[in-house]
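For reference, the structure is listed below as structure tokens.
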Amino acid sequence: MRRLPAEAVRDRTGCRPAPRVTRRKLDTRTGQHGTSRKVTDAMDRQHPSAVSAPHHSDTTLRVNGKPHTLTVDHRRVLLDLLREDLGLTGAKKGCDHGQCGACTVLVDGRRVNSCLLFAVALDGAEVTTVEGLAGDGEELHPVQRAFLERDAFQCGYCTPGQICSAVGALAEAAAGHPSHVTDPATPSGEPVPLGREEIRERLSGNLCRCGAYPRIADAVQDVSGPARDGSDAGWTSPARGWTGPARAGAI
């Protein structure tokens, strides 16, 4: 039986299927396929003034305490701006879908996935990356120091995101923001006790493919102080039957 070429195949609606786009062919900064990206670049070269005005805006961000004003493409995400425009390569590009947490930074004190945020939408925001946690001094942030003391990393690729997420989680708990596992009897607005279960839940959005979860939990609990719930069962090691975040669906 003769096989039809792919371009001749149509689905039941009579439409041809969309061409298969791989990560290699896709421009992650603009969301364009390789061919259309070339066409766009050619049009940009022919009409630079027409492109620069409607598709770019001057954006000011205060990054690690220092103001930066850049002309930003409206399609550019915060992660690419930090890494490629400002040279701050601590935040990593992992899944590029906001699912692994490697790109976590703090925006106005709250942890965010920088691969999902358009930089132009953050005009005037305060951004803190792992490079800025210690400020201008040589003293490390308590969470950074705890990660070193607990050896809470292996390859280190996810570590900047883990640290920024831990800093954000500590602030959320101190402000009284509950998590999925917070005891309903906890007084509203009061600091939430950070036991092991709370730490596991609050950091479950940050994945570590090396499996350094037990040491990460140790480090965060060192900074937060002893658990008020009296629990001492940490994240179980692979040898004891658990190899990932608290929620099985997070892997």
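The values are calculated or read from the model by the stated rules, or taken from the named source; none is laboratory data. This structure is a prediction, so every number in the text was calculated from the model and none was measured. Neighbour counts run over all protein chains shown; Cβ positions are idealised from the backbone, glycine included. These accessible areas exclude ligands, DNA and RNA; they are computed on the full protein's heavy atoms, side chains included. Shrake-Rupley method; radii C 1.70, N 1.55, O 1.52, S 1.80 Å.
With respect to the conditions (1) in contact (Cβ under 8 Å) with a residue 24 or more places away in the chain; (2) among the aliphatic types (A, V, I, L, M); (3) part of a loop (DSSP other than H, G, I, E, B), residue 166 falls short on a single one, namely (3). Scanning the stretch 169-203 for residues that are open to solvent by 50 Å² or more (accessible area, probe 1.4 Å), closer than 22 Å to residue 128 by Cα and assigned to a loop (DSSP other than H, G, I, E, B) yields 175, 177. Here residue 206 clears all of (1) at pLDDT 95 or above; (2) open to solvent by 60 Å² or more (accessible area, probe 1.4 Å) except the condition numbered (2). For the stretch 52-94, a residue qualifies if it is among the hydrophobic types (A, V, I, L, M, F, W, C), open to solvent by less than 60 Å² (accessible area, probe 1.4 Å) and either out of contact with any helix residue (DSSP H, G or I) (no Cβ under 9 Å at 6 or more places or on another chain) or not in a strand (DSSP E or B) (or both), and the qualifying residues are 78, 79, 81, 82, 86, 88, 91. Against the test of being touching a residue at least 40 places away in the same chain (Cβ under 8 Å) and hydrophobic (A, V, I, L, M, F, W, C), the options 133, 148, 122 yield a single qualifying residue, 122. Residue 165 satisfies every condition listed in (1) closer than 23 Å to residue 108 by Cα; (2) open to solvent by 20 Å² or more (accessible area, probe 1.4 Å) except (2). Residue 96 falls short on exactly one of the conditions (1) at pLDDT 95 or above; (2) of a type in the set (D, E, K, R); (3) within 13 Å of the chain's Cα centre (by Cα), and that condition is (1). Confirm whether residue 153 is in contact (Cβ under 8 Å) with a residue 40 or more places away in the chain and open to solvent by less than 40 Å² (accessible area, probe 1.4 Å). Criteria not met by residue 153.
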